[in-house]
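Structure, as C-alpha cells:
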Amino acid sequence: MNTIRIAAILLFSLFLGGITFASLHGSAEKGAGGDDKSGGYAIVYSGPGSAEECPEAAADIAKEAGLKVKFVSDAGKLPGLLDSAEVFILGGTDDEMRPLVKAFAKVSEALKSYLKRGGRYLGICGGGFMASMGWDEDGVPMKGLSIIPASSSVYNDDFSARIIPVTWMGKSRQLFFKAGPVFHLSGSRPDVRIVANYSDGSIAALICAYGKGRAAVVGPHPEARESWKDEAVEGNKWTSSKDLAVSLLRELLSPGDSHSDGIRNSRR
C-alpha cells in the first residue's frame with residue numbers, strides 16, 4: 001500500500017512539474033524582446049528631428065487610449081517593428097525638417113505597406129507635414145510620404161508658439177499651435193473626413209483611409225502639456241485638449257473605415 005501511494009505521489013509531482021515548465025516556457029516566449037507582440041502598443045518616434053517633449057506628450061495620449069508605448073529613435077528600425085504595432089505616431093518636429101524627410105524617405109515603402117495591410121498612422125504638427133504629399137520649405141519643395149491625399153503648408157508664418165481657436169467636431173476649442181500645417185485636399189475625396197478647421201475654415205485635422213489602414217493628421221497640438229502654455233502667446237487662454245487627442249486616436253484605432261459615425265465633417 002505504501003509503495004502504491006509513493007508511486008502515485010511521484011507521478012503527480014512529475015505531472016505538476018510538466019505544467020509548470022510549460023507555463024514558464026510559454027511566458028518566456030511571450031515576453032521575449034519586450035512587450036507581448038499579440039497587440040496593444042504604439043510606436044512613437046523619438047529620434048533626431050523630434051521636438052522637445054513631443055514624443056513624451058504623444059506617448060501620454062497613447063497610454064490613455066490603452067496602449068503600451070515603444071519609443072524608436074532610429075527611423076531605420078521601423079520596418080522590423082511596424083507589423084506588431086497598433087499605430088505609428090510621429091509627433092511634433094523641429095522647424096528644420098530636411099534631415100527628417102531624408103530619414104523617412106528610406107522607410108516610406110515599409111510605412112505604406114504597413115498601412116495597406118491595416119496599420120494606423122497618427123501625425124501631429126510635423127508628423128502631419130510628413131504624411132502629406134508635400135510642402136514648401138524656404139522656397140524648396142519638400143516631398144512628404146503621401147499617405148494622405150493632401151498637400152500641406154504652414155498655417156501661420158509666425159513661428160511663435162501661440163494658443164489659437166480651432167473648431168473641432170463643431171465646437172470651438174483653444175489649442176496650442178506652433179508652425180503647424182494646414183491641409184489642402186487634392187479634389188473631392190469621399191474617403192476623407194474633416195475633423196477640425198482653423199478659424200478661416202481651412203483644414204486643421206482629418207482622418208482618411210489608406211489601403212486597409214487609416215491615417216489621421218492634425219496641425220495644432222491637442223496633446224499639449226500644461227507647461228507648454230508658458231511659452232505661448234495668449235497662453236492664459238489654453239485649457240487642456242488632451243481629450244481631443246485621445247478621442248482622435250481611439251477613432252483611428254477603431255475597426256472600420258474613415259466613414260465611421262464617430263468622425264463627422266466639422267465644417268458647418
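Structure above, values below:
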quantity: Count of segment 72-129 residues which are in contact (Cβ under 8 Å) with a residue 12 or more places away in the chain, in a helix (DSSP H, G or I) and not hydroxyl-bearing (Ser, Thr, Tyr); calculated: 22
quantity: Some residue of segment 79-101 being within 26 Å of Leu244 (Cα to Cα), surrounded by fewer than 18 Cβ atoms within 10 Å (Cβ to Cβ) and either at pLDDT 95 or above or acidic (Asp, Glu) (or both); calculated: yes
quantity: Count - residues of segment 130-149 that are part of a loop (DSSP other than H, G, I, E, B) and among the charged types (D, E, K, R); calculated: 1
quantity: Filter result for the condition that a residue is part of a strand (DSSP E or B) and modelled with pLDDT of 95 or more, over Val246, Val217; calculated: Val217
quantity: Residue among Gly213, Gly187 that alone is in contact with a Phe, Trp or Tyr (Cβ under 9 Å, 6 or more places away or on another chain) and among the small types (Gly, Ala, Ser); calculated: Gly213
quantity: Only listed residue being farther than 17 Å from Met97 by Cβ, touching a strand residue (DSSP E or B) at 6+ places or on another chain (Cβ under 7 Å), surrounded by fewer than 24 Cβ atoms within 10 Å (Cβ to Cβ) and at pLDDT below 95, chosen from Ser160, Ser172; calculated: Ser160
quantity: Whichever residue in segment 57-71 is part of a helix (DSSP H, G or I) and in contact (Cβ under 8 Å) with a residue 60 or more places away in the chain and, among such residues, is surrounded by the fewest Cβ atoms within 10 Å (Cβ to Cβ); calculated: Glu64
quantity: Positions within segment 150-183 being in a loop (DSSP other than H, G, I, E, B), under 18 Å from Gly123 (Cα atoms) and aromatic (Phe, Trp, Tyr), in sequence order; calculated: Tyr155
quantity: Segment 182-208 residues that are within 20 Å of Gly144 (Cα to Cα) and at pLDDT 95 or above, paired with ones that are of a type in the set (Asp, Glu) and part of a loop (DSSP other than H, G, I, E, B) (beta carbon under 7 Å, 6 or more apart); calculated: Cys208/Asp191
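One line per residue, one yes/no per condition, for (1) touching a helix residue (DSSP H, G or I) at 6+ places or on another chain (Cβ under 9 Å); (2) closer than 17 Å to Ala205 by Cβ; (3) surrounded by fewer than 20 Cβ atoms within 10 Å (Cβ to Cβ); (4) charged (D, E, K, R):
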site: Asp136; (1), (2), (3), (4): no, no, yes, yes
site: Pro141; (1), (2), (3), (4): no, no, yes, no
site: Gly144; (1), (2), (3), (4): yes, yes, no, no
site: Ile147; (1), (2), (3), (4): yes, yes, no, no
site: Val154; (1), (2), (3), (4): yes, yes, yes, no
site: Pro165; (1), (2), (3), (4): yes, yes, yes, no
site: Gly180; (1), (2), (3), (4): yes, yes, no, no
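The values are calculated or read from the model by the stated rules, or taken from the named source; none is laboratory data. Just so it is clear, the model here is predicted, and its values are computed rather than measured. Neighbour counts run over all protein chains shown; Cβ positions are idealised from the backbone, glycine included.
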